1. Can you tell me the dipole magnitude for region 98-185 around its Cα centre, using point charges on the Cβ only (Lys, Arg +1; Asp, Glu -1), in Debye to the nearest 20?
2. Using a simple charge model, +1 on the beta-carbon of Lys and Arg, -1 on the beta-carbon of Asp and Glu, nothing else, what dipole does the chain show about its Cα centre, in debye to the nearest 20?
3. If you only keep lysine pairs separated by 8 or more in sequence, or across chains, how many in region 39-185 come under 24 Å at the Cα atoms?
4. GNM on the chain, C-alpha springs below 10 Å: top fluctuator among 164, 24, 12?
5. What is the local net charge at residue 141, summed over the other residues whose Cβ is closer than 11 Å to its Cβ (Lys, Arg +1; Asp, Glu -1)?
6. At a 10 Å Cβ-Cβ cut-off, how would you order 27, 129, fewest neighbours first?
7. Rank these for me by crowding, 173, 95, going from fewest to most other beta carbons within 10 Å.
8. Which label belongs to the value computed from this structure, given these candidates for mean projected area of the Cα convex hull in nm²: (1) 10.0; (2) 9.4; (3) 13.4?
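Just so you know, all these numbers are worked out from the coordinates, no wet-lab data involved. All figures in this text were calculated on a predicted structure; none of them were measured in a lab. Ideal geometry is used to build each Cβ from the backbone, glycine not excepted, and the neighbour counts take in all protein chains shown.
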Amino acid sequence: MATVAKSFAEHAVVPDVVPVAPTALLKVTYSSGVEVKEGNELTPTQVKDQPTVSWDAEQNAFYTVAMTDPDAPSRKEPKFREWHHWLVGNVPGSDVSKGDVLSAYVGSGPPPGTGLHRYVFLVYKQPDKIEFSEKRLTNTSTDGRATFSIAKFAEKYNLGNPVAGNFYQAQYDDYVPLLYKQLGE
């Protein structure tokens, strides 16, 4: 537990993204074979497909899973903080495939020359099943993804503090232009 709080503080995920670090580590694995490890550096190519996430979930509870980038367009100048990459609510237990996809997964696309961006995964335990009012976003659009705040979203839906989390860092690679094309940029 201390390790998650420590890494979230060392990389300023607390306070940049959330006021309180999650108590448990979220296991995040990509089909490319890489695993997210509290700030390790991965490439946009490695994280282009939706990952598998797992945590110690209560089977009768609902959860919200989010992935957000507080460093858009750069860590020095985060004027679009946060740009959310993935948001799924009403996840029964830890079965993300059965949740309500509010924002379909979009991999990392840090602009060239902007250095490392943090990509933060958070899991919140919901008080109950929620009727989310957010517009549903596909993975081919950037509409409504910038200037998001997972902390404000959690407050809006009374989610409390995250129960699990993890993050990696990434910078521009050759996959990014393909992602921009997918997003119509």
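1. It comes to approximately 200 debye.
2. 200
3. Close lysine pairs found across region 39-185: 21.
4. Maximum among the listed residues: 12.
5. The answer is +1.
6. The most exposed by this proxy come first: 129, 27.
7. On the way: 173 16, 95 12.
Ascending number of Cβ neighbours within 10 Å: 95, 173.
8. Looking at mean projected area of the Cα convex hull in nm² for this model, the match is (2).
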